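Everything below concerns the one structure shown next.
The values are calculated or read from the model by the stated rules, or taken from the named source; none is laboratory data. Worth saying up front: this structure is predicted, and the values here are computed from it rather than measured. For neighbour counting, all protein chains shown are included, and Cβ atoms are generated from backbone atoms with ideal geometry for every residue, glycine included. Accessible surface is based on the protein model in full, side chains and every heavy atom, while ligands, DNA and RNA are left aside. Shrake-Rupley method; radii C 1.70, N 1.55, O 1.52, S 1.80 Å.
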Amino acid sequence: MVIIQQRSWKQKLEQKQRTVESVRHLVNGSIIPTEKIVDALELLIKPGDRVVLEGNNQKQASFLSQSLVQVDPEKVHDLHMIMSSVSRPEHLDLFDEGIAKRIDLSYAGPQSMRIAQMIEDGRLLLGDLHTYIELYGRLFVDLTPNVVLVAADKADRHGNLYTGPNTEETPTIVEAAAFSDGIVIAQVNEIVDELPRVDIPNSWVDFIVEADHPYELEPLFTRDPRHITDIQILQAMMCIRGIYEKHGVQSLNHGIGFNTAAIELLLPSYGEKLGLKGKICKNWVLNPHPTLIPAIESGWAESIYCFGGELGMEKYVEARRDVFFTGKDGSMRSNRTLAQLAGQYAADLFIGSTLQMDAYGNSSTVTKGRVAGYGGAPNMGHNPGGRRHSTEAWYNMMTSTDELARGKKLVVQVAETYQDANTPVFVERLDAVDVKKQANLAVAPVMIYAEDITHVVTEEGIAYLYKTNSPAERREMIASIAGVTPLGMEHDVKQTQQLRDRGLVALPEDLNIQRGEANRSLLAAKNIDELVQWSGGLYEPPAKFKSW
């Protein structure tokens, strides 16, 4: 005889209902008065809760983060924070105040040095450093949130949300709470009668609060062409000639930086000279980089799908809807989760920079005294084993004649051999190994593993790492383009010549590139003002980028 023990299968729902009821005296329907937000948070968040606080690369739930740090630590404490990006001072003030205890994150660029010190001092417990997709995935598995705090442009009086061009991760993290009886609180810039479109329905949202100031939005992907150097132009020429043209790269993701900005600005000039329009760089997965405007205007880009928006690019994107993904209202729709997946599986190439690379090609942005994390780079910077569709570039990576052989994604790391303060990029051993011990992590925080990197580009040349499976030869290839770093000083001139003869390494002259031609005259736009002119006045750069 089976005895079935009676129990409630709605405990989470019942707890949520009690919590929501506890703030009825403060709210007007689903609207929390702006001045009551701290009181409401003290009732809606319980000690030990898992709390997702939206902090993207750009869009920050800044009003909610500033409010959360004001709660009484006697009432709200030991929170487990889950954040894709730790970007603002109050994100870490939560730990200094005793409100939060543990964190799982993906990226901590602006706060990377402070978070490293807090880990060392034992003031913060680090769960893990994740990729974006990995962190989002865990929200639906073992890191399901109790409370989610997000930002949106507007809400109507029913609680529907309009996220505008900077939708980013909002739908994903809201869904994780909305369908697991968690509580969703959204700060909005304004409450209106009618929305341009509904991005998140009110049935997913419990409370909205009109912020006392608009959410913070950082123009993270804007690079002023004035600061692009001749070395970066040389590297860009090598990428276009020695990688994009060589392998027929049509779909791609560019990381953040002046190296990739230089490539974008060389397409309408150097790329046109090589006759490559229509042959490379047609389908993009990246934010609306202002430095891509000349290429778009010249007809290079067929489509661009975005992780998020970019401050000042709103009118330009709206006017170029054949290229960008936009709604009926004209504004762009972004989605960081889907863009990460597109960059991982649908794009042929990922190209980005790094802070350190070891002798065999492992790279990381986690260094001594700096826990920056790595965001989405490992998602897009690896060869996804689940890919099954073939493209010219992917197929071009095939090096085996086995009947079951398959292609490979191009993963390119571009780096100058030395950083600022004469710090070499190429090292014998990654600092990440020591950070692993310091932060008590199970594995070293490597951004991209050597096995996934297909090309390394420096000012010296290109190493075609995908052509070898030998660790020793891999080391020789990297050393041959590592300049005057300790690793680079190991290389033998005769050995480098042999690598060049075999097509494993290419110097600029091997690609018919004259170093003296690599100068700023090749840039399609040499400053922000010229980008505005290319856009027909549609691009409205933030004030800090204006020099006129």
Hits in the stretch 460-476 - residues which are open to solvent by less than 60 Å² (accessible area, probe 1.4 Å), touching a residue at least 60 places away in the same chain (Cβ under 8 Å) and assigned to a helix (DSSP H, G or I): Leu465, Tyr466, Arg474, Arg475
Test: Ser180 is open to solvent by 30 Å² or more (accessible area, probe 1.4 Å) and among the hydroxyl-bearing types (Ser, Thr, Tyr): no
Checking Ala339 against (1) on the phi > 0 side of the Ramachandran plot; (2) out of contact with any helix residue (DSSP H, G or I) (no Cβ under 9 Å at 6 or more places or on another chain), the condition it does not meet: (1)
Among residues of the stretch 492-548, those that are in contact (Cβ under 8 Å) with a residue 60 or more places away in the chain, among the acidic types (Asp, Glu) and over 24 Å from Leu267 (Cβ atoms), counted: 0
Given (1) touching a residue at least 60 places away in the same chain (Cβ under 8 Å); (2) assigned to a helix (DSSP H, G or I); (3) not polar (S, T, N, Q), index of the condition Leu135 fails: (1)
Of all residues making up the stretch 420-442, the number that are at pLDDT below 90, open to solvent by less than 80 Å² (accessible area, probe 1.4 Å), assigned to a helix (DSSP H, G or I) and among the aliphatic types (A, V, I, L, M): 1
Whichever residue in the stretch 164-174 is within 19 Å of Gly376 (Cβ to Cβ) and not aliphatic (A, V, I, L, M) and, among such residues, is surrounded by the fewest Cβ atoms within 10 Å (Cβ to Cβ): Pro171
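Taking the condition of being open to solvent by 10 Å² or more (accessible area, probe 1.4 Å), assigned to a helix (DSSP H, G or I) and touching a strand residue (DSSP E or B) at 6+ places or on another chain (Cβ under 8 Å), how many residues in the stretch 304-319 meet it?
Total meeting the criteria: 2.
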Residue tally, condition open to solvent by 10 Å² or more (accessible area, probe 1.4 Å) and touching a Gly at 6+ places or on another chain (Cβ under 8 Å), over the stretch 96-131: 7
Flag for Ala347 being out of contact with any helix residue (DSSP H, G or I) (no Cβ under 9 Å at 6 or more places or on another chain), buried (at least 24 other Cβ atoms within 10 Å of the Cβ) and within 15 Å of Leu252 (Cβ to Cβ): no
Of all residues in the stretch 320-344 being aliphatic (A, V, I, L, M) and open to solvent by 50 Å² or more (accessible area, probe 1.4 Å), the one that is nearest to Lys59 (Cα to Cα): Leu338
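Within the stretch 353-370, is there a residue that is farther than 30 Å from Tyr270 by Cα, open to solvent by less than 10 Å² (accessible area, probe 1.4 Å) and assigned to a loop (DSSP other than H, G, I, E, B)? Can you show your working first?
To start, the set of residues in the stretch 353-370 that are farther than 30 Å from Tyr270 by Cα comprises 358-360, 362, 364-370.
Narrowing the set further to residues that are open to solvent by less than 10 Å² (accessible area, probe 1.4 Å) leaves 359, 364, 366.
Remaining after also requiring assigned to a loop (DSSP other than H, G, I, E, B): 359.
Looking through the stretch 353-370, at least one residue is farther than 30 Å from Tyr270 by Cα, open to solvent by less than 10 Å² (accessible area, probe 1.4 Å) and assigned to a loop (DSSP other than H, G, I, E, B).
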Tabulated pairs, the stretch 74-91, first free of Cβ contacts under 8 Å to residues at least 12 places away in the same chain and within 11 Å of Leu53 (Cβ to Cβ), second of a type outside the set (Ser, Thr, Tyr) and crowded, with 24+ Cβ neighbours inside 10 Å, C-beta under 6 angstrom, 6+ apart or interchain: none
So Glu451, is it buried (at least 20 other Cβ atoms within 10 Å of the Cβ), of a type outside the set (Lys, Arg) and under 30 Å from Trp394 (Cβ atoms): no
